[in-house]
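Contents: one structure, followed by commentary.
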Amino acid sequence: MSKKVYVARSPRIAARMLGEEMLVMSAQGSTLFTLNPTATVLWQAADGATPLDEIVESRICSEFEVKPEEAMRDAEALAADLAKHGILLISEEPIPSKSPVQEQHRP
Amino acid sequence: MSVLMQEMGERALRLGVPFSVQLDLTYRCNEQCVHCYLDHDDHGEMTTVEIKRLLKEMAEAGVFILTLSGGEIFMRKDFFEILEYARELTFCIKLKTNAVLIREAQAARLRDLGVESIQVSIYSGRPEGHDAITKVAGSFRRSVAAIRFLRAQGLKVVIANVLMTENMRDHHGVRVLADELGVKYTLDPTITPMMDGDRSILDLKAGVSELHTLFRDEAYISNVDEFCAPPPAPDADSMNSLPCSAGHTACYVSPYGEFYPCVQFPLSCGNVRQQRFIDIWRNSEQLKEIRSIRLRDLSSCSQCAHGSTCTRCPGLAFMEGNMRGPSTADCEKSFARTGIPSKNLLAKKETASPPPRQLVQIQIVPAITGSRLSGIGVPASAVAS
């Protein structure tokens with residue numbers, strides 16, 4: 001059985017929905033990113049407690065027409081990319097929340 | 001500004017989102033800067049609860065960039081409580097401070113909270129020069145020490161220097177200091193009238209000849225020839241352009257909850273203690289009027305050679321008496337840059353010229369009795385000629 005992977009939003013980022021895209025700025029280098037709708041769903045669901053495969057199954061496969069295996073591969077690649085930029089934290093253990101990012105506000 | 005940030009600003013404009021807000025937490029300050037436009041007494045600042053409610057409303061309205069300023073933000077005992085809550089709401093936080101109250105512990109906490117940048121005011125590279133402006137002995141030493149603490153935490157720091165008559169010869173020293181500290185440096189020659197309309201501090205403003213020299217200094221201007229070139233004639237696109245982001249994607253809230261288009265544009269649009277932030281943003285008649293204004297609507301500037309390139313500030317124009325009028329301080333900058341006077345400066349020059357002798361006025365004087373002349377205070381010499 002493969003190990004569970006947990007993902008959490010970094011407490012050191014700024015984020016806001018602008019139209020249909022999520023704006024994310026990493027305090028690390030003040031770099032600005034925009035997340036597409038799939039990445040936004042993953043990022044919003046990254047609470048540190050829900051394993052990535054459950055996020056893919058419950059949030060991504062249910063909202064986007066994509067096969068589970070393909071969705072999981074894409075999600076793992078996306079999570080690794082976001083982690084590389086300091087936007088997401090990845091661990092094989094649940095990640096306790098340091099800064100309670102409660103909800104992402106949509107204007 | 002990055003291309004992506006510019007794109008997001010344009011998108012916010014299309015969507016009607018208040019992308020960037022400056023919130024002054026207090027007007028109280030531990031410095032007494034000679035050029036400051038604020039009344040430092042506390043006339044009833046918003047409470048912690050009121051500010052938290054406002055921050056929630058701002059997040060719901062879509063505000064992304066939140067600049068916390070003052071006064072001196074660290075004068076508020078609840079500053080870190082406010083900042084922590086703002087970060088929970090995932091704002092991109094920029095701070096403006098004199099940094100006098102920042103030591104190692106505060107710098108570490110700012111780093112932990114993921115603050116994007118901290119702007120620190122430094123007015124001279126010499127301690128005595130800086131302290132003479134802040135009127136606080138030792139303020140230079142403490143502010144510079146704070147910058148070192150912030151840098152040690154890996155935080156982004158920007159030194160902001162306001163150029164005025166008092167520190168005209170000191171700006172190179174501040175730039176050298178910024179280089180030594182490894183921080184960015186900005187120099188702004190804008191002096192803002194007091195918020196109550198008192199314009200006496202404008203006497204501190206750098207003159208045109210000083211600006212002329214500054215605008216040709218390659219240490220600040222990367223392409224002097226381009227920067228100082230005569231302006232191109234305004235075309236149809238520039239005539240339809242917006243004066244600035246104030247009231248379009250940006251706004252300002254005072255410590256008392258007053259909602260203005262910008263910190264430099266004291267036209268009250270409402271008060272967040274009485275109305276929701278988003279309701280003022282969407283429904284204020286003042287903001288609707290500001291949003292309707294294009295370059296073509298400006299009385300003097302639409303006819304001016306500098307129309308398409310001028311940095312005209314609508315707030316400074318408002319403080320001169322007309323938000324559709326010129327901002328003379330910006331006219332002077334355009335003149336110092338290019339050597340071409342603006343339409344406004346030419347008009348002022350004509351008005352200021354001594355009027356030609358109106359002999360006909362003197363001819364009617366003999367018809368007035370001597371007692372009436374003395375009654376209206378006209379000296380006898382005026383009649384004699």
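The values are calculated or read from the model by the stated rules, or taken from the named source; none is laboratory data. What you are looking at is a predicted structure, and each value in this text was computed from that prediction instead of being measured. For neighbour counting, all protein chains shown are included, and Cβ atoms are generated from backbone atoms with ideal geometry for every residue, glycine included. Only protein heavy atoms, including side chains, enter the accessible area calculation; ligands, DNA and RNA are left aside. Shrake-Rupley method; radii C 1.70, N 1.55, O 1.52, S 1.80 Å.
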field: In region A:9-52, the residues that are within 26 Å of B:Arg111 (Cα to Cα), open to solvent by 40 Å² or more (accessible area, probe 1.4 Å) and away from chain B (no Cβ under 13 Å)
entry: A:Asp47, A:Ala49
message: Being in contact (Cβ under 8 Å) with a residue 60 or more places away in the chain and not in a loop (DSSP other than H, G, I, E, B): is that true of B:Cys251 here?
response: yes
- request: Within region B:50-66, count every residue that is open to solvent by 10 Å² or more (accessible area, probe 1.4 Å) and either within 9 Å of chain A (Cβ to nearest Cβ) or part of a loop (DSSP other than H, G, I, E, B) (or both).
  value: 3
- request: Could you grab me the full set of residues in region B:254-270 that are open to solvent by 10 Å² or more (accessible area, probe 1.4 Å) and assigned to a strand (DSSP E or B)?
  value: B:Glu258, B:Tyr260, B:Cys262, B:Gly270
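Among the residues in region B:130-141, are any within 28 Å of B:Ser20 (Cα to Cα) and open to solvent by 20 Å² or more (accessible area, probe 1.4 Å)?
No; the residues of region B:130-141 include none that is within 28 Å of B:Ser20 (Cα to Cα) and open to solvent by 20 Å² or more (accessible area, probe 1.4 Å).
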query: Taking helices (runs of 4 or more DSSP H) that do not extend beyond region B:294-358, which have at least 2 residues that are surrounded by 15 or more Cβ atoms within 10 Å (Cβ to Cβ) and touching a Lys or Arg at 6+ places or on another chain (Cβ under 6 Å)?
result: none
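Based on this model, can you work out whether B:Ile118 counts as crowded, with 19+ Cβ neighbours inside 10 Å and not aromatic (Phe, Trp, Tyr)? Give the steps one after another, and end with the answer.
Numbers: crowded, with 19+ Cβ neighbours inside 10 Å: yes; not aromatic (Phe, Trp, Tyr): yes.
So B:Ile118 passes the test.
Here's the yes/no breakdown for (1) polar (S, T, N, Q); (2) within 14 Å of another protein chain (Cβ to nearest Cβ); (3) touching a Ser or Thr at 6+ places or on another chain (Cβ under 7 Å):
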| site | (1), (2), (3) |
| --- | --- |
| B:Lys96 | no, no, yes |
| B:Ala99 | no, no, yes |
| B:Leu110 | no, yes, no |
| B:Lys135 | no, no, no |
| B:Arg141 | no, no, no |
| B:Ala160 | no, no, yes |
| B:Leu163 | no, no, no |
| B:His171 | no, no, no |
| B:Gly182 | no, no, no |
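Being over 22 Å from the mean Cα position of the chain (by Cα) and of a type outside the set (Lys, Arg) narrows it down to one of B:Val224, B:Val157, B:Val162, B:Val208, so name that one.
Unique residue meeting the criteria: B:Val224.
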task: Taking the options B:Arg151, B:Arg126, name whichever one is touching a strand residue (DSSP E or B) at 6+ places or on another chain (Cβ under 7 Å) and open to solvent by 10 Å² or more (accessible area, probe 1.4 Å).
output: B:Arg151
field: From B:Ala86, B:Ala99, B:Ala137, residue being modelled with pLDDT of 95 or more and part of a helix (DSSP H, G or I)
entry: B:Ala86
- line: Conditions (1) within 14 Å of another protein chain (Cβ to nearest Cβ); (2) among the hydroxyl-bearing types (Ser, Thr, Tyr); (3) open to solvent by less than 20 Å² (accessible area, probe 1.4 Å) -> B:Ser69 fails only (1)
Matching residues, region B:7-30, being within 11 Å of chain A (Cβ to nearest Cβ), part of a loop (DSSP other than H, G, I, E, B) and surrounded by fewer than 22 Cβ atoms within 10 Å (Cβ to Cβ): B:Gly16
Output for region A:3-30, where each listed residue is in contact with a strand residue (DSSP E or B) (Cβ under 7 Å, 6 or more places away or on another chain), assigned to a strand (DSSP E or B) and in contact (Cβ under 8 Å) with a residue 24 or more places away in the chain: A:Tyr6, A:Val7, A:Ala8, A:Arg9, A:Ile13, A:Ala15, A:Arg16, A:Met22, A:Val24, A:Ser26
